[in-house]
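Peer 1: Could you have a look at this structure, given as structure tokens, before my questions?
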Amino acid sequence: MTRTAKSALIQRKGPRVIRSLPALRRAVAQMRAKRETVALVPTMGALHAGHLALVRLARKRARRIIVSIFVNPTQFAPNEDFGSYPRTFATDLAALAELKVDAVWAPTAKTMYPDGFATRIAPEGPALAGMEDKFRPHFFGGVATVVAKLLLQIVPDIAVFGQKDYQQLKVVTALARDLDIPVKIVGAPTVRENDGLAMSSRNAYLSAEERATAPALHRALKDCAARLKSGRPIAEALAEGRAAIERAGFMVDYFEARHAETLAPIARLADGPVRLLVAAKLGRTRLIDNIPV
Ligand code: AMP
């Protein structure tokens, strides 16, 4: 069989697209009836190699994989990019077919938030650490609510989230623990472009010039980590990191050294493990990144 014919076949046999809750429940029940383990990989679509790495990790840990694709309106503020967020459903499906994903859960906003929907989770702890929450106060309430719904709709054995969104990973881990949702939250390493830029659906917003500047964010994190390891006081290393990013043309929201588990501010490297986290705007595009020290 030719390569094209083979890939057409794979696409025809691609993941089953599920759009209603009863159909989702039936599909999961069938997997459970066969005693198959189930992994969930929640996404907002516009899939890139970072998302696909989560799927590959899920594949190692469970027999069946469900990827959700839902651009969740409640985690965007009115002035943010919900309307213009990239939507590439057909290409997403083709990529997931290659990875032999079993099902794509793609509900409409009406299915997730029917008329009369009146409940919202208000996460605390890592959700109030003073980083993303400070600049996007609506964000973690929206994320926690939609992730709780996804986890309860499917009750997977594991759910895979990227370390790219490090504070979010901690919020989701606390959510599953605190609400006694029987799922293991698995964190997957950040996938980067060759020049170090963390892959993100929002990188598509960058102009050619901004794209050339963008790796400065990761470079500043790496330089900061190296300085910390060679004994530079934390406050100084953070100020240098922030200045480097500003010189490159970013507007910095935050550049922080936090305890990698609790996200509490940290004064000395010895109080770690330490994670460096940054968010900054390049033109109209907001980028985030983080690395361990
Ligand atoms: P999103 O579609 O941006 O909401 O992301 C869906 C999931 O993919 C989240 O768990 C993200 O943390 C994860 N993710 C996004 N970008 C990357 C990346 N570059 N490397 C690893 N995981 C990522």
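Peer 1: Enter the angle in degrees (range 0 to 90, nearest 10) between the Cα long axis of helix 49-61 and the first principal axis of the Cα atoms of the chain, meaning the one along which they spread out most.
Peer 2: For 49-61 against the chain, the angle is about 60 degrees.
Peer 1: In nm, to one decimal, how far is the modelled label at residue 61 from the one at residue 209, with both set 7 Å along Cα→Cβ?
Peer 2: 4.3 nm
Peer 1: For residue 94 and residue 243 in the same chain, what is the full-extension length gain: residue separation times 0.36 nm, less their Cα-Cα distance, in nm?
Peer 2: Full extension from residue 94 to residue 243 adds 49.4 nm.
Peer 1: At q = 0.09, 0.11 Å⁻¹, what is the base-10 log of I(q)/I(0) for the chain according to the Debye formula with one equal point scatterer per Cα and no solvent? Please give it to two decimals.
Peer 2: -0.47, -0.69
Peer 1: Please give the Cα centre distance for the stretch 259-273 versus the stretch 235-255, rounded to the nearest Å.
Peer 2: 19 Å
Peer 1: Return the subset of 60/184; 170/229; 149/184; 134/281; 110/149 for which the Cα-Cα distance in this structure is over 19 Å, preserving the input order.
Peer 2: Working: 60/184 14 Å; 170/229 25 Å; 149/184 16 Å; 134/281 15 Å; 110/149 14 Å.
Check vs 19 Å cut-off fails for 170/229.
Peer 1: Distance between Cα centroids, the stretch 135-183 to the stretch 189-219: provide it in whole Å.
Peer 2: Taking the Cα centre of each part, the stretch 135-183 and the stretch 189-219 sit 25 Å apart.
Peer 1: Antiparallel as a % of all DSSP beta bridges within the stretch 3-188, to the nearest 5? Provide the component values of the computation, followed by the final result.
Peer 2: Numbers: 0 of 19 bridges.
Of the beta bridges lying entirely in the stretch 3-188, close to 0 percent run antiparallel.
Peer 1: If you don't mind, another one. Taking the Cα atoms only, what angle lies between the long axis of helix 216-229 and the longest principal axis of the chain, rounded to 10 degrees?
Peer 2: Here the helix axis deviates by roughly 60 degrees.
Peer 1: Relative contact order (percent) for the stretch 1-125, with alpha-carbon contacts under 8 angstrom and 6 or more residues of separation?
Peer 2: On the way: 144 pairs, mean separation 46.0, N = 125.
Result for the stretch 1-125 is 37 percent.
Peer 1: Tell me the relative contact order for the stretch 141-220 as a rounded percent, counting alpha carbon contacts under 8 Å between residues six or more apart. Provide the component values of the computation, followed by the final result.
Peer 2: Numbers: 71 pairs, mean separation 21.3, N = 80.
Normalised by residue count, the contact order of the stretch 141-220 is 27 percent.
Peer 1: What do you get for the angle between helix 166-178 and the principal long axis of the chain? Use alpha-carbon atoms, 0 to 90 degrees, nearest ten.
Peer 2: 60 degrees
None of the figures in this text is laboratory data; all of them are computed from the coordinates on show. The structure displayed is predicted, hence computed values, not measured ones. Please note: Cβ atoms are built from the backbone with ideal geometry, for glycine as well, and neighbour counts cover all protein chains shown.
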